[in-house]
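Visitor: First the structure, then my questions, so here it is.
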Amino acid sequence: MNIFVYDKSFDGLLTAVFDAYFRKTFPDDLLSEGDALPLFYDELHTVVTDEEKAGRVWRGLQKKVSVSALGCLTQSWLSELPEVGMLIFRYIRKAIDSPRSIETNFGDPDVLRLAQIWKKVDGERVHLMQFVRFQKAADGTFFAAFEPQYNALPLTVHHFKDRFADQKWIIYDMKRRYGFYYDLQEVTTISFDDDSRESHLITGMLDESLMDKDEKLFQQLWKTYFKAICIKERMNPRKHRQDMPVRYWKYLTEKFNPVIE
């Protein structure tokens, strides 16, 4: 049994592919640094992430599969599922070794599984755009928080930059403790530590003292509207949870919920 240990980055994974072909030995399992090793194994190889090696693998892959298939790989990687690294490794190996494209060969379990993972991550991307609730701060910056199941926040940056190009905003992943800030010019990655002066934002909701003077009024108007249009006789909790996953509820401006109240 051959074990490759890498740094759990996408470039690290591509470097592992390069090392495997260079060494002519392929891993039976990919582990991240610090993971417990199995009791018995034949060889242990530590992968040192190298951008040049990763780039060579990626350029080779571009000749074997379509742009959409490459997007499927990178988007599936954002699922952060335990098995996704090995799945992508096997997919890349099959794509390189095959004389024809494998991307529509859903009879292959790895191709099928990655397509399923891609669909889940893409669904999370859509949910992030659907259920965003911005709060306006006193300095004019709009703040929105999420706790997505998958690490789909980077997939939404282009949408928010295009849709809200005329206002400063922060979108923040509360689960992974990072986000993106748009200053009307460019988007930068940010992170709030518990000791920073912005640590209150870790709660996901702006303190009333930091809100714009009209924000509280607009929130109350939205809650009133939401409550007024609710028809209790047509309440369908199961459908409600299906269309709007529960993990998004805590960051919705409209605190009234027909399923709960």
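Visitor: Looking at (1) closer than 22 Å to Leu114 by Cα; (2) in contact (Cβ under 8 Å) with a residue 24 or more places away in the chain, can you tell me which one Glu33 breaks?
Guide: (1)
Visitor: I'm trying to understand the selection: among the residues of region 12-31, which are crowded, with 18+ Cβ neighbours inside 10 Å and outside any loop (DSSP other than H, G, I, E, B)?
Guide: Within region 12-31, Gly12, Leu13, Leu14, Thr15, Ala16, Val17, Phe18, Asp19, Ala20, Leu30, Leu31 qualify.
Visitor: Would you mention how many residues in region 141-174 are under 18 Å from Gln75 (Cβ atoms) and either outside any strand (DSSP E or B) or of a type in the set (Asp, Glu) (or both)?
Guide: Of the residues in that region, 14 qualify.
Visitor: Determine whether Asp212 is acidic (Asp, Glu), in contact with a strand residue (DSSP E or B) (Cβ under 7 Å, 6 or more places away or on another chain), modelled with pLDDT of 90 or more and not assigned by the TED database to the domain that holds Ser79.
Guide: In short, no.
Visitor: Just need a number here: residues in region 148-162 that are farther than 23 Å from Glu80 by Cα and modelled with pLDDT under 95.
Guide: Within region 148-162, residues that are farther than 23 Å from Glu80 by Cα and modelled with pLDDT under 95 number 0.
Visitor: Considering only residues that are in a loop (DSSP other than H, G, I, E, B) and under 30 Å from Arg176 (Cα atoms), look in region 70-106 and name the one that is least open to solvent (accessible area, probe 1.4 Å).
Guide: Ser79
Visitor: Let me ask something else about it. Pull out all pairs, ordered by first then second residue, where Cβ-Cβ is under 8 Å, the residues are six or more apart or on different chains, the first lies in region 132-153 and is touching a residue at least 40 places away in the same chain (Cβ under 8 Å) and more than 12 Å from Trp169 (Cα to Cα), and the second is in a loop (DSSP other than H, G, I, E, B) and hydroxyl-bearing (Ser, Thr, Tyr).
Guide: Close Cβ pairs satisfying both conditions: Tyr150/Ser79; Asn151/Ser79.
Visitor: I need a count of the residues in region 108-130 that are surrounded by 17 or more Cβ atoms within 10 Å (Cβ to Cβ) and under 23 Å from Thr253 (Cα atoms).
Guide: Final tally of qualifying residues: 4.
Visitor: Determine, yes or no, whether Ile190 is touching a strand residue (DSSP E or B) at 6+ places or on another chain (Cβ under 6 Å), assigned by the TED database to the domain that holds Val246, at negative phi and surrounded by fewer than 18 Cβ atoms within 10 Å (Cβ to Cβ).
Guide: yes
The values are calculated or read from the model by the stated rules, or taken from the named source; none is laboratory data. As the structure is a prediction and not an experimental result, all values here were calculated from the model. Cβ coordinates were reconstructed from backbone atoms using ideal geometry, including for glycine residues, and neighbour counts include every protein chain displayed. These area figures cover heavy atoms from the full protein model, side chains too; ligands, DNA and RNA do not enter into them. Shrake-Rupley method; radii C 1.70, N 1.55, O 1.52, S 1.80 Å.
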